[in-house]
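Rule-based calculations on the coordinates, nothing more; no lab input. The structure presented is a predicted model; accordingly, all values stated were derived computationally and were not measured. Cβ coordinates were reconstructed from backbone atoms using ideal geometry, including for glycine residues, and neighbour counts include every protein chain displayed.
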Amino acid sequence: MTEIPHAYEKPLTRSLDRYLDDLPGDLSVSVREVPSGLSYSYNWGLRTATASIVKVNIVLALLLRAQRQGRGLAGWERRAAARAIKASDNDAASRLWTAIGGAPGLAAANKRLGLRATRPGPGGAWGSTTTGATDQVRLLNALVSPKSPLSAANRRYVLGLMRDVVPEQRWGVSAAGGRAELKNGWLPRARDGGRWTVNSIGRVRGRGRTYLIAVVSRRNPSLAAGIRAIEHVSTLVTGSLAKAAAPPRRTPT
């Protein structure tokens, strides 16, 4: 990955500072443009609970386990994976969490996926897994890279599920483009006084460009406020990367 040039990075960071300084809570964003590899991260040290975005991670762990066993997914596994990602079904996610071996199973899968800052939740509390935006972009990269430990067929399968998320959950990073494969997570947390953790990850394609983008946030006053912040930031950072990746204009001679 290549960080965007300072000529674009500094104004983008200032714009994010100005916008987020006026909002309660904390937010981090990481984005990579494909295939140029241009990338940008803001507040990269922030760690939040995953809430339901971890369901993609759980399904990837399930697929890695099935690959190792030399088999495809069982019928119930496919049905649970579809419900977990497309409709964010918690019972389905809990069944899959048990199937992958819980926290130790997720940790083993994440080592293969190249994640560095994701810590599985304790016991059955998969939604309390903690992560950062940069790690979520690494997770997304495992869905698009031919160097991924996941087979091409399994990568297509998961992206297909993310493409078919139910309409009422298609907010967040999808604001940055026309087509998106995404997964969102949202959770009011008692430890934050009932304020909301709101996260969104996905591959977004539009105007001839493709982005892997992850936004994680915490202590939002409401779900709606978290969604607004994520959508504004997603649009802002992808717009800046588009300008940075565009070929320079030739000066007439």
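When the chain is fully extended, how far beyond the present Cα-Cα distance does A125 get from S145, taking 0.36 nm per residue of separation? Display every interim value, and only then the final one.
Values: separation 20, 0.36 × 20 = 7.20 nm, distance 2.96 nm.
So the chain would gain 4.2 nm between A125 and S145.
How much net charge surrounds A61 when only other residues with a Cβ under 12 Å from its Cβ are counted (Lys, Arg +1; Asp, Glu -1)? Display every interim value, and only then the final one.
Numbers: positive: K55, R65, R68, K111, R112; negative: E77.
Local charge sum for A61: +4.
Once R0 is set to 30 Å, what does the formula 1/(1 + (r/R0)^6) return for the Cβ-Cβ distance between A107 and A245, expressed as a FRET efficiency to the nearest 0.05?
So the FRET efficiency works out to roughly 0.30.
Please list 192-203, 67-78 highest first by mean number of surrounding beta-carbon atoms within 10 Å per residue. Mind showing how you got there, number by number?
On the way: 192-203: 22.7, 67-78: 12.2.
Output ranking for 192-203, 67-78: 192-203, 67-78.
In debye, nearest 20, what is the charge dipole magnitude of the chain about its Cα centre with +1 on Lys and Arg Cβ and -1 on Asp and Glu Cβ, if you could check? Show your work: numbers first, answer last.
On the way: 39 positive and 16 negative charges, 146 e Å.
With Lys and Arg at +1 and Asp and Glu at -1, about 700 debye.
Using only Cα atoms, find the angle between the long axis of helix 54-68 and the longest principal axis of the chain, and express it within 0 to 90 degrees, rounded to the nearest 10.
60
Give me log10 I(q)/I(0) at q = 0.11, 0.12, 0.13 Å⁻¹ for the range 143-225, Debye formula, one equal scatterer per alpha-carbon, no solvent.
-0.36, -0.42, -0.48
Past the 29 Å Cα-Cα mark, which pairs from K86/K147; K86/K243; K111/K183; K86/K111? Each step should come with its number before you reach the end.
On the way: K86/K147 26 Å; K86/K243 33 Å; K111/K183 21 Å; K86/K111 25 Å.
In this structure, K86/K243 lie more than 29 Å apart at Cα.
For the range 195-238, what is the per residue volume of the convex hull drawn over the alpha-carbon atoms, in cubic angstrom? Walk me through the numbers before you get to the answer.
Working: hull volume 2.6 nm³, N = 44.
Enclosed volume per residue, from the Cα hull, is 59 Å³.
Which value, to two decimals, describes the C-alpha radius of gyration of the range 2-245 once divided by 2.2 N^0.38 Å?
On the way: Rg = 16.9 Å, N = 244, 2.2 N^0.38 = 17.8 Å.
For the range 2-245, the normalised Cα radius of gyration comes out at 0.95.
With axes computed from alpha carbons, what is the tilt in degrees of helix 152-163 against the longest principal axis of the chain, rounded to the nearest 10 within 0 to 90?
Roughly 70 degrees, rounded to the nearest 10.
By how many degrees, between 0 and 90 and to the nearest 10, does the Cα long axis of helix 223-245 differ from the longest principal axis of the chain?
60
Just grab the label-to-label distance for R116 and R179, each label 7 Å out from Cα along the Cβ direction, in nm (one decimal).
For the pair R116/R179, the computed spacing is 3.2 nm.
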